[in-house]
Every structure is written in C-alpha cells, then in structure tokens.
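Data block below; observations after.
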Amino acid sequence: MGFWDSFKKIMIGDAPKPEEKATPPAVETATETPAAPAATAPAGDSPYRRVKIAHGARGWGGPLIIEPKPGKNLIYCVTGGGIHPVAQRIAELTGGQPFDGFRSKADFEQIAVAVIDCGGTARVGVYPMKGVLTVDIHATSPSGPLMKYIKETNFVSGVTVDNITLLDE
C-alpha cells in the first residue's frame, strides 16, 4: 500500500457497509453536549437555526449557509485541543451539537459542518470530498490532491467568530 493509500485510509477510513453502521460512541467532554435551542428559534418544529459563514481576511470560498437538521446536527471539530471557538459559536447559534472529531468518530451523514485547522493540502479536501460543508480557520485556498472537490459552495476559509452571522431571528 502506497503513502497516499495509507494516508487516505487513516483520514477517511474504510466505508462501513450499511448493515455494519453503528451509532457514534457517546461524547465524553462537557463542551460537546447539545446546545439548548435559543428563544429565537424560527417558527416550526425545528430547534435549529441557520447561520451564514463568510470567508475571513485573505480567506477563500463561501459564504456557506449552515442549517443543522435532525440526524445531521453535528458541528464536527477537527482542530485538536477540544472544541475550537469557531465551532462553539456555530453550535451556539444553530443549536447544533459540538463534536470533537479527534476524540471520537461520527458518520459523514451526521455532520452539518466540519471545522478544520488545516493550512496544508490533505484534510482541507477530505470533508468536501465526502459532501460535508467545511470551514477552515486558516486562510487557505484549493490545493493538493483533493482540490477538485473544494468549491466555493462547500468550503470557506480564514474564518473567525466574527465571520459567523445568525440568519434566523
């Protein structure tokens, strides 16, 4: 197995067969409990709200509209060191569940948005390749072997908490 095949297997993993899918393990950290829906929730049955995320200074892509839904409500944080402030802010505003992707794993279908810390060429394309909206805290643009999957409609970079705006009030 070559380097990129090994790397892909580590980053993406083997796709589970439908009958082997299991629910993700319980999240252990206190910061990853579901946020309580705010009083500003839109009319209707959904406890979730939408946010708009624009690129930051020297960033690229977007803006993205993030709207968690039942079964697809994880604000998946892959930045190391717990939940990044950008992921925490998205979770607070949307009512989504912050989830530390380094401590546990979830199916791509459960992720509303992935917040990454990648200034390189690998992780920056993994989540767009899997159809997951991606927010990079570094000001990056499409590059590397997975750049063909990175589009302005599924990726935004250079994001800080100041680039996140609540749409549903």
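The values are calculated or read from the model by the stated rules, or taken from the named source; none is laboratory data. Please read all numbers here as calculations on a predicted model, not as lab measurements. Heads up, the Cβs are rebuilt from the backbone with ideal geometry, glycines too, and the neighbour counts pull from every protein chain shown.
Can you find, within the range 106-123, the residue that is surrounded by the fewest Cβ atoms within 10 Å (Cβ to Cβ) among those that are β-branched (Val, Ile, Thr) and within 11 Å of the chain's Cα centre (by Cα)?
Residues of the range 106-123 β-branched (Val, Ile, Thr): 111, 113, 115-116, 121.
Filter once more, so that each one left must be within 11 Å of the chain's Cα centre (by Cα): 111, 113, 115-116.
On the way: ILE111: 23, VAL113: 27, VAL115: 29, ILE116: 25.
Within the range 106-123, the match that is surrounded by the fewest Cβ atoms within 10 Å (Cβ to Cβ) is ILE111.
Could you grab me the full set of residues in the range 57-81 that are part of a loop (DSSP other than H, G, I, E, B), within 12 Å of the chain's Cα centre (by Cα) and either within 20 Å of GLY125 (Cα to Cα) or among the aliphatic types (A, V, I, L, M) (or both)?
The answer is THR79, and nothing else.
Consider the range 82-105. How many of its residues are in contact (Cβ under 8 Å) with a residue 60 or more places away in the chain, part of a helix (DSSP H, G or I) and surrounded by 18 or more Cβ atoms within 10 Å (Cβ to Cβ)?
Qualifying residue count for the region: 4.
Could you go through the range 144-152 and let me know if any residue there is crowded, with 22+ Cβ neighbours inside 10 Å and in contact with a strand residue (DSSP E or B) (Cβ under 9 Å, 6 or more places away or on another chain). Break it down into steps so the answer makes sense when it comes.
Residues of the range 144-152 that are crowded, with 22+ Cβ neighbours inside 10 Å, as a first pass: 150.
Next, from what is left, pick out any that are in contact with a strand residue (DSSP E or B) (Cβ under 9 Å, 6 or more places away or on another chain): 150.
Yes, that holds for at least one residue.
Quick check: anything in the range 110-125 modelled with pLDDT of 90 or more, in a loop (DSSP other than H, G, I, E, B) and of a type in the set (Ser, Thr, Tyr)?
no
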